[in-house]
Structure formats: C-alpha cells, structure tokens
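Asks: Mind having a look at this structure? Questions to follow.
The values are calculated or read from the model by the stated rules, or taken from the named source; none is laboratory data. The structure presented is a predicted model; accordingly, all values stated were derived computationally and were not measured. So basically every Cβ, Gly included, is an ideal-geometry build from the backbone, and we count neighbours across all protein chains shown. Note: areas computed on protein heavy atoms with side chains; ligands, DNA, RNA excluded. Shrake-Rupley method; radii C 1.70, N 1.55, O 1.52, S 1.80 Å.
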Amino acid sequence: CWIELKRISTLFYQTKKISIMIIEPRTRGFICLTSHPTGCEQNVINQIAHITSKGKIDGAKKVLVLGASTGFGLASRITSAFGSEAATIGVFFDKQPTVGRPGSPGYYNTAAFEKHAHAAGLYAKSVNGDAFSNEIKDQVVQLIKEDLGQIDLVIYSLASPVRTHPNTGKRFKSVLKPIGEVFTNKTVDFHTGAVSEISINPAEGDDIENTVTVMGGEDWKMWMDALQAENLLSEGAITVAYSYIGPDVTRPVYRNGTIGAAKDHLEATAFAITDDLKSIGGKAYVSVNKALVTQASSAIPVIPLYISLLYKIMKAKGIHEGCIEQMQRLFSQRLFGGDLALDEKGRIRVDDWEMRADVQAEIAELWKKATSENLPEIGDLQGYSDEFFSLFGFKVLGVDYDADVNEVVVIPSEQ
Ligand code: NAI
Ligand code: NA
C-alpha cells in the first residue's frame, strides 16, 4: 500500500516534470545503488562547517580538482573553497539523476557544494565526464582560459577501476591482486559482520601493467602537460596526488600488490612532473593519506577488517580523522603551513597517526583475535557500516528519511 501511494505520487509529479519520492538504500555487495540528496547535502554542510571552524588557510586561490565529487577530492575542494576562498573547478564522472532514479552521490555532493559555494560568493564550476579522455581535458582547458586564466593548485584524486586510453581507445581494467603468490588472510563482510578467511590469486598476464595504466601516474602527467602547454599554470603552481601505504597485514594485497605497483608509478611520476615544471618553479607532490571508508577502499579485500580495527583504536586515542580532517591538516599544516615534513622518499605523510607504532601494535594484537563474534566489540564495525551508508547520503544525523525528496537535483553550473 505504501508502494502504491509512492507510485501514485510519483506519477502525479511526473506530469509536472518534477518528482518527489522517498529514497531508501539498496545495496549489492560493496556498492549501494541508490543515494539520498538531502543526506549528501548534509555531509557537504558538515564538511564546510569543519573547515570554517578551523579558520583561514593561506592557500591557493585558483584550484583544479580532478576526482572532486567524493572522498579526498571533495574534501580537498571544500578545504580550498571554504578555507582559502579559492575559485574551484571540479572534474568527476557521476550519474545524473532522472525521474525515479537517484543520481550517484558525487552528483548530489557537487550540486550541494556549488550551491553553498555560490551562496558564499565563491566561483565554482564543474565538469562531469571522463577525465582520462582528451575531450574532457580540452573542455577544462577552455574553461580555465575563459574564466580563471591560470591555476595555482591541481589536486589529482581520481579513483577508477577502468581507463580508456585516449591515444589508442583501448580500455584497461585494474585488478586488486597480490604479486607472485596466493595471499590468504582474514576479511569481514561489513554488512553481516561475518569474519572469514579469503584467498586471492596472484596477478597474471597483463594484470600489473593494466593496473598501472589505470591507477598509475600517466594520466596525471597528461593533465599537467595539457595545462602547461597552454600556459595555464601560474608561477610556483603545485600539484598533489594521493597515495596509500598501510600496515603489514594488507601489504601483500595492497602496497606489494598490483595497486601498489600503480602507486609506485604515481609516486615516481611526481618527480617527472616536478622536472617539467622547473621553468615556472612548480612542484608535484604525493601525499600519503590515511585509510578511510570510501567507495574505492570498500572494494579492496582485507581492508574493511583493518579499517574497522583502526577506527576503534584511533577513536579511543582521540586521533581519528575522516576525509575532511585529513585534508584540513594536509592543507593547513603541510602544503601551506611551511613544513611539508617529507619522508625519505619525498612524500608528504598525513598517514602519520595511522602508522604510529602504538596504533599498529594494537592492531596486530587484535588482528589475531578477530572473529565474527568479537568484532562488534573489538572493532568499530558499526562505525564502518554507518560511514559506508553515509557515503551515499544515508544514516546521516539530522536528516529526515521519511520525508519526500525531489531526486532530480541539477548541478547549478551545469544548468
Ligand atoms: P573516491 O572513489 O571517493 O573518489 C574518486 C573520484 O574520482 C570521484 O570524484 C569520481 O567521480 C572520480 N572519477 C572516477 N573515475 C573518473 C573518470 N574516469 N573521470 C573523471 N572522474 C572520475 O576515491 P578516494 O578514496 O577519495 O580516492 C582518491 C585517491 O586517494 C585515490 O588515488 C586513492 O588511492 C587515494 N587514497 C585513498 C585512501 C582510502 O582509504 N580511501 C587512502 C589513501 C589514499
Ligand atoms: Na576523490
């Protein structure tokens, strides 16, 4: 009967070209098929409030964010806009909503971000399309020429399982596999809480090369080349891409696996780009960030169990951070705080609290003990699950999920 009512009201509003519905989470495996515009907006509002509460950052004024709609990229955009009053251009690949079909969370996040940025008098425009393509690069180059002239900071925060190479049209798929031998360890299904053992077969064939092609540094360099060729980078411009290292327990499948090979390539590319930027005194950096619940990390086996233990321990020690806290610290203390505190490989480290010896020692202990029975107690399974749903705008505090909502939201600059 509720379904009937909903259908009738949807039909009624469809005739008026607007739609009103109640949206609930629908999950399949580690993805959620629906998302909630009001919840996504509330997440953006909360992130803006965090940045505003921390005070001004003397940072870049014209910022291009690639992968700007969720996770670290969205947090970087919010930090730039609301911490440094920066004009921002955001690039992402998201599903626009249609009547009866919610868009992807990044679409709603960006609609909310632009709305609040514009209300604060800030320039914010967005480009929704495949950042790996020549077409989208051309479109962004054109937009910068018309609106901003030059860019001071380029954030590279793309996370994608596939890439169509712009020169050949060939489509590459990345895989999450160990290299050399089978990796067996514990993992958790964070929807059911079931802890089990999982075995992952090692990379074969072109797995490593393909993963490096998708998640390595080639596209980052292509972006920087395209911008520099048109003189769109200001004197002393910087660019930052995000990487991850993590603990011993995930090393075979993450840092020493196929994705780690891509991160090695990304990190090496920073030096190549810095070389290219010599004439304008520019620099390319990689920032190693903390493990966080995002759409990308939920897909990696073993990582959800690690994150649920990590969250529990870091919350207990009062050093837990989400994407926005990480980016606030990266921008205010490292990038624009006068002390990059680079490691021996020239990387910025905001995973420093995650990697603290006391934190890692406790995780190693708990890792051995973790079972389906004790994980709700020794790990932050609830926190993991809540944060996963919150990525899609669900289970966000203060949102009335029984209220009807118009799912057909439009990003202001795309209108
Ligand atoms: P995410 O999945 O939240 O964000 C990915 C962004 O890339 C989204 O805005 C999406 O729309 C965009 N995107 C994907 N494919 C695209 C395409 N073809 N064209 C245009 N835009 C596209 O990912 P997350 O977790 O924020 O990851 C960003 C970076 O941070 C990645 O390099 C990841 O490896 C790194 N990182 C992630 C950590 C984590 O625990 N989540 C930890 C440390 C680093
Ligand atoms: Na991102």
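Asks: Would you mind stating whether Val154 is open to solvent by less than 40 Å² (accessible area, probe 1.4 Å), over 17 Å from Ser297 (Cα atoms) and either acidic (Asp, Glu) or out of contact with any Lys or Arg (no Cβ under 9 Å at 6 or more places or on another chain) (or both)? Don't jump to the end; show me each part of the working.
Replies: Working: open to solvent by less than 40 Å² (accessible area, probe 1.4 Å): yes; over 17 Å from Ser297 (Cα atoms): yes; either acidic (Asp, Glu) or out of contact with any Lys or Arg (no Cβ under 9 Å at 6 or more places or on another chain) (or both): yes.
Answer is yes for this residue.
Asks: Could you list, in sequence order, all residues of the stretch 375-398 that are open to solvent by 40 Å² or more (accessible area, probe 1.4 Å) and assigned to a loop (DSSP other than H, G, I, E, B)?
Replies: Lys395, Leu397, Gly398
Asks: Please state which one of Leu176, Leu158 is within 16 Å of ligand 1 (Cβ to nearest atom), closer than 30 Å to Gly383 by Cβ, at pLDDT below 95 and part of a loop (DSSP other than H, G, I, E, B). Quick ask: steps written out before the conclusion?
Replies: Details: Leu158 fails: at pLDDT below 95.
Answer to the selection: Leu176.
Asks: So Glu181 ticks every box in (1) over 30 Å from Lys369 (Cα atoms); (2) in a loop (DSSP other than H, G, I, E, B) but one. Which box is left unticked?
Replies: Of (1) over 30 Å from Lys369 (Cα atoms); (2) in a loop (DSSP other than H, G, I, E, B), only one is false for Glu181: (1).
Asks: So which residues in the stretch 296-311 are open to solvent by less than 10 Å² (accessible area, probe 1.4 Å), more than 9 Å from ligand 1 (Cβ to nearest atom) and under 11 Å from Thr250 (Cβ atoms)?
Replies: Within the stretch 296-311, Val302, Pro304, Leu305, Tyr306, Leu310 qualify.
Asks: Still on this structure: Can you tell me which residue in the stretch 170-196 is nearest to Gly217 (Cα to Cα), limited to those that are open to solvent by 50 Å² or more (accessible area, probe 1.4 Å) and small (Gly, Ala, Ser)?
Replies: Out of the qualifying residues, it is Gly180.
Asks: Considering only the stretch 78-114, state which residues are among the β-branched types (Val, Ile, Thr), closer than 21 Å to Gly39 by Cα and buried (at least 24 other Cβ atoms within 10 Å of the Cβ).
Replies: As a first pass, look at the stretch 78-114 and keep what is among the β-branched types (Val, Ile, Thr): 78-79, 88-89, 91, 98-99, 110.
Applying the additional criterion that residues be closer than 21 Å to Gly39 by Cα yields 78-79, 98-99, 110.
Result: Ile78, Thr79, Thr110.
Asks: Give all pairs with beta carbons closer than 6 Å in which a residue from the stretch 342-355 that is outside any loop (DSSP other than H, G, I, E, B) meets a residue that is within 12 Å of ligand 1 (Cβ to nearest atom); count only pairs at least 6 apart in sequence or on separate chains.
Replies: From residues that are outside any loop (DSSP other than H, G, I, E, B), the pairs are Ile348/Ser287; Arg349/Val288.
Asks: Kindly list, by first and then second residue, each pair from a residue in the stretch 228-242 that is more than 14 Å from Ile155 (Cβ to Cβ) to a residue that is within 16 Å of ligand 1 (Cβ to nearest atom), limited to pairs with Cβ atoms under 7 Å and residues at least 6 apart or on different chains.
Replies: Partner pairs satisfying both residue conditions: Glu230/Val141; Leu232/Val141.
Asks: Since Gln333 meets every condition but one in (1) surrounded by fewer than 17 Cβ atoms within 10 Å (Cβ to Cβ); (2) assigned to a loop (DSSP other than H, G, I, E, B); (3) at pLDDT 95 or above, which condition does it not meet?
Replies: All conditions are met except number (2).
Asks: Which one is nearest to Val141 (Cα to Cα), of the residues in the stretch 222-254 that are in a loop (DSSP other than H, G, I, E, B) and open to solvent by less than 30 Å² (accessible area, probe 1.4 Å)? Talk me through it step by step, then tell me what you get.
Replies: First pass over the stretch 222-254, keeping only residues in a loop (DSSP other than H, G, I, E, B): 230-232, 244-247, 251-254.
Of the ones still in play, those that are also open to solvent by less than 30 Å² (accessible area, probe 1.4 Å) are 232, 244-247, 253-254.
Details: Leu232: 8, Tyr244: 29, Ile245: 33, Gly246: 35, Pro247: 39, Val253: 37, Tyr254: 34 Å.
Checked the stretch 222-254; the qualifying residue nearest to Val141 (Cα to Cα) is Leu232.
Asks: Something else about it: Could you please let me know if Ser372 is away from ligand 2 (no atom under 16 Å from the Cβ), of a type in the set (S, T, N, Q) and part of a loop (DSSP other than H, G, I, E, B)? Lay out the reasoning, then the answer.
Replies: Numbers: away from ligand 2 (no atom under 16 Å from the Cβ): yes; of a type in the set (S, T, N, Q): yes; part of a loop (DSSP other than H, G, I, E, B): yes.
Against the criterion (away from ligand 2 (no atom under 16 Å from the Cβ), of a type in the set (S, T, N, Q) and part of a loop (DSSP other than H, G, I, E, B)), Ser372 qualifies.
Here's the yes/no breakdown for (1) modelled with pLDDT of 95 or more; (2) within 22 Å of the chain's Cα centre (by Cα); (3) of a type in the set (A, V, I, L, M, F, W, C):
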site	(1), (2), (3)
Leu143	yes, no, yes
Gln150	yes, no, no
Val154	yes, yes, yes
Arg163	yes, yes, no
Gly169	yes, no, no
Phe183	yes, no, yes
Asp189	no, yes, no
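Asks: Find all pairs meeting these conditions: Cβ atoms under 7 angstrom apart; at least six residues apart or on different chains; first residue within the stretch 53-72 and in contact (Cβ under 8 Å) with a residue 40 or more places away in the chain and in a loop (DSSP other than H, G, I, E, B); second residue within 16 Å of ligand 2 (Cβ to nearest atom) and of a type in the set (D, E, K, R).
Replies: These pairs meet every condition: Ala68/Arg77; Ser69/Asp94.
Asks: Still on this structure, I have one more. Do we have any residue at all in the stretch 106-116 that's of a type outside the set (Gly, Ala, Ser), within 13 Å of ligand 2 (Cβ to nearest atom) and touching a strand residue (DSSP E or B) at 6+ places or on another chain (Cβ under 8 Å)? Quick ask: steps written out before the conclusion?
Replies: Restricting attention to the stretch 106-116, the residues satisfying the condition of being of a type outside the set (Gly, Ala, Ser) are 107-110, 113-116.
Subsequent filtering for residues that are within 13 Å of ligand 2 (Cβ to nearest atom) retains 109-110, 113.
Imposing the further condition that a residue be touching a strand residue (DSSP E or B) at 6+ places or on another chain (Cβ under 8 Å) reduces the set to 110, 113.
Within the stretch 106-116 (the criterion being of a type outside the set (Gly, Ala, Ser), within 13 Å of ligand 2 (Cβ to nearest atom) and touching a strand residue (DSSP E or B) at 6+ places or on another chain (Cβ under 8 Å)), the answer is yes, since at least one residue qualifies.
Asks: Working carefully through the options Ser279, Ser243, find the one that is polar (S, T, N, Q) and within 13 Å of ligand 1 (Cβ to nearest atom).
Replies: Ser243
Asks: For the stretch 140-166, how many residues are more than 16 Å from ligand 2 (Cβ to nearest atom) and in contact with a Ser or Thr (Cβ under 6 Å, 6 or more places away or on another chain)?
Replies: Going through the stretch 140-166 one residue at a time, the tally reaches 3.
Asks: Give Ala262, Ala291 a once-over and let me know the one that is in contact with a helix residue (DSSP H, G or I) (Cβ under 6 Å, 6 or more places away or on another chain), part of a loop (DSSP other than H, G, I, E, B) and within 16 Å of ligand 2 (Cβ to nearest atom). Step through it out loud before you land on a result.
Replies: Values: Ala262 fails: part of a loop (DSSP other than H, G, I, E, B).
None of the others qualify; the one that does is Ala291.
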